[in-house]
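Engineer: Quick one: structure below, then a few questions.
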Amino acid sequence: MEDKYMPKITTDLRKDIVKVPKVIREASGIQIFGKQIRSIIFTTDIAIIRNTNADAVIAVYPFTPHPAITKAIIEAADIPVFSGVGGGLTQGFRSSYMSMFAEAQGSIGVVLNGPTPLKTVEQVCKVVDIPVISTVTSKYTEIDAKLEAGVKVINISAGKDTAETVAFFRKKYPKLPIIATGGPTEDSILETIEAGANAITYTPPSNGELFSKKMDHYRDMEKPEQ
């Protein structure tokens, strides 16, 4: 069956956005509260979050989670937000309080880091009614007890071994929702999808890199015609 024509509407001010690789459409997606999510942009940059065609954003960062950051990202986003709530340095009641705050602000899910102790996972799963996502960094990551505690989704970020790690957990858990990093190329993204990932996280260019391209364009415009 031929693909149906889909009208596209944009404006001159909104056409210059960060687009995720088209190959991510090959993923099955994960349906959360009626929303199908295939592409998830990995950033905390509000300007990028407001200017992307990704289905959702995963807002995790290498600092102690703070309510002000969570609130700012959710308020600025016009797509669903998965909020980081710690699990490494930040554990226990603080992670559970952050999870409750994230849910109250509108997060569609909360993300716990790989080292999160089981007790913290249990505390978080008891206090929120949104999916708890556990990060997996290798095929050696223990997740059985965390799944029993209430984790609904795993987020695989295993560097160059991500596709292999996805395949390992897909074989072990045929129906488990899996988010995974896709890597830098369309081939690596497709490999990760074919290994069993339901949704792909995409790391966009930095604000500086995007601005550098725009400045090059502005300089070209200023050059006199030959």
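The values are calculated or read from the model by the stated rules, or taken from the named source; none is laboratory data. Being a predicted model, the structure only gives us computed values, none of them experimental. When we count neighbours, we look across all protein chains shown, and the Cβ atoms used for this are built from the backbone with ideal geometry, even at glycine. These area figures cover heavy atoms from the full protein model, side chains too; ligands, DNA and RNA do not enter into them. Shrake-Rupley method; radii C 1.70, N 1.55, O 1.52, S 1.80 Å.
Engineer: Are any of the pairs 171/213; 8/160; 19/223; 126/175; 160/213; 4/171 more than 31 Å apart by Cα-Cα distance, and if so, which?
Structural biologist: From 171/213; 8/160; 19/223; 126/175; 160/213; 4/171, over 31 Å: 171/213; 8/160; 4/171.
Engineer: If you don't mind, there's one more thing I want to ask. Find how much the distance from residue 173 to residue 221 grows on full extension, using 0.36 nm per residue of separation minus their present alpha carbon separation; answer in nm with one decimal.
Structural biologist: My answer for the length gained is 11.8 nm.
Engineer: Can you tell me the length gained on complete extension of the stretch residue 161 to residue 148, counting 0.36 nm per residue apart and subtracting the Cα distance?
Structural biologist: 2.1 nm
Engineer: Picking from 181, 135, 64, which is most flexible by a Gaussian network model of the chain using Cα springs under 10 Å?
Structural biologist: Looking only at 181, 135, 64, the largest GNM fluctuation is found for 64.
Engineer: By its C-alpha gyration tensor, with a ≥ b ≥ c as the square roots of the eigenvalues, how is the range 118-191 shaped: rounded for a/c under 1.5, else prolate for a/b larger than b/c, else oblate? Before the final figure, lay out each step's value.
Structural biologist: On the way: a/c = 2.31, a/b = 2.02, b/c = 1.14.
Cα axes put the range 118-191 in the prolate bin.
Engineer: Can I ask one more? Rolling a 1.4 Å sphere over the protein heavy atoms, what is the accessible area per residue of the chain, to the nearest Å²?
Structural biologist: The answer is 60 Å² per residue.
Engineer: Turning to a different aspect of this structure: Using only protein heavy atoms and a 1.4 Å probe, report how much of residue 202 is accessible, in Å² to the nearest 10.
Structural biologist: Its heavy atoms expose roughly 40 Å² to the probe.
Engineer: So what does log10 I(q)/I(0) come out to for the range 93-226 at q = 0.17 Å⁻¹, using the Debye formula with one equal point on every Cα and no solvent?
Structural biologist: -0.90
Engineer: Also, quick follow-up: Any chance you could run the full-extension gain for residue 63 through residue 93? It's 0.36 nm times the residue separation minus the Cα-Cα distance, nm to one decimal.
Structural biologist: That pair, residue 63 and residue 93, stretches by 9.1 nm at full extension.
Engineer: Suppose R0 equals 25 Å. What FRET efficiency, 1/(1 + (r/R0)^6) with r the Cβ-Cβ distance, do residue 139 and residue 15 give to the nearest 0.05? Please report the intermediate quantities before stating the final value.
Structural biologist: On the way: r = 42 Å, r/R0 = 1.67.
The computed FRET efficiency comes out at 0.05.
Engineer: For residue 172, list the lysines whose Cα falls under 20 Å from its own Cα; do not include residues on the same chain fewer than 8 positions away.
Structural biologist: The reachable lysines, counting only those whose Cα sits under 20 Å from residue 172, are 139, 146, 152.
Engineer: Grab the alpha carbons of the chain, take their convex hull, and tell me the volume per residue in Å³.
Structural biologist: So the per-residue Cα hull volume is 164 Å³.
Engineer: Among 191, 103, what's the order by accessible area (1.4 angstrom probe), most exposed first?
Structural biologist: I get 191, 103, largest accessible area first.
Engineer: While we're on this one: At a Förster distance of 35 Å, what's the computed FRET efficiency of residue 76 paired with residue 25, Cβ-Cβ distance as r, to 0.05?
Structural biologist: After rounding, the FRET efficiency stands at 0.85.
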